[in-house]
1. Across bins of 10 angstrom width beginning at 0, how are the C-alpha pair distances of segment 45-124 distributed, in whole percent?
2. Relative contact order of segment 203-249, please, whole-number percent, based on alpha carbon pairs below 8 angstrom and at least 6 residues apart.
3. Fewest Cβ neighbours within 10 Å first, please rank 114, 264, 51 accordingly.
4. Segment 206-300: percent of C-alpha pairs farther apart than 15 Å?
5. As a footprinting exposure proxy, order 270, 177 by other Cβ within 10 Å, with the fewest listed first.
6. For the chain, with a Gaussian network of springs between Cα atoms less than 10 Å apart, report the residue from 66, 200, 117 with the top mean-square fluctuation.
7. Residues of segment 140-165 with amide nitrogen under 13 Å from the 7 Å Cα-to-Cβ point of residue 84?
8. Once you keep just the Cα pairs under 8 angstrom separated by 6 or more residues, what percentage relative contact order results for the chain?
């Protein structure tokens, strides 16, 4: 397996994708998960001048010798048909087209949820949502991956946060261009061991989000900074024959300012210097390398 990470790792410091990617390369990463949410939030990148940004990213990849290997669409409310619904559909179509430009084989698109609806209705609405995108997935040869959400603590809301129901959803939609991204941190919030969860999903798992937490909240920390059993993870990956990228989504290595308690009189220590993030990012690479080496599956 090869190590990859997300461009959202440096959003505490910059929203410029080129600057972020150059920082990731400094820390050892050359396989990149492109976070479209950064562009979408700031109205730039692929949500600005699409063609110019595509050329810029392709030139950057050639210059640095990197490869874009997966991506993540912006978060939204995909099964709530409000005034933003059609624009959110278009947003995801833009991501698929951008993947085609950068030769990215996968885009992670979250399923949706709504309060006070049944599991059956949730599945039905999610199928309607993905059915709008799948013709574009076919046209541009970009797989859509749905992932296991972080654990739902609200008893009045059903969403797809575990392996059995995620498998049920992809089987229900039943399309070859819809598969699974397994989020290891989200899996750690469940009681089912990771290797058992992965066995349920089997060869439907085409990508990973690698992160850790303390089994209480979706913290997005580095491996060994939480309670995830990484032997169970690696055993599961080996058992299902996973040969994709070991892609980090540990984008909260140094806690983001919006997750901290506030102090009105001063903010000078809210965001640590970028040098600390660079050191943390380099450590993240070393941790990933150690995990994969330990199971004889690290690839440059």
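1. 16, 40, 26, 13, 5, 0
2. Relative contact order for segment 203-249 comes out at 50 percent.
3. 264, 51, 114
4. Cα-Cα pairs of segment 206-300 separated by over 15 Å account for 66 percent.
5. Result, fewest neighbours first: 270, 177.
6. Result for the chain, Cα springs under 10 Å: 117 fluctuates most.
7. none
8. Once normalised by length, the contact order is 18 percent.
The numbers here are math on the coordinates, done by the rules we state, and not lab data. All values reported here derive from a predicted model rather than from experimental measurement. Neighbour counts are summed over all protein chains in view; Cβ atoms, including those assigned to glycine, are modelled from backbone coordinates with ideal geometry.
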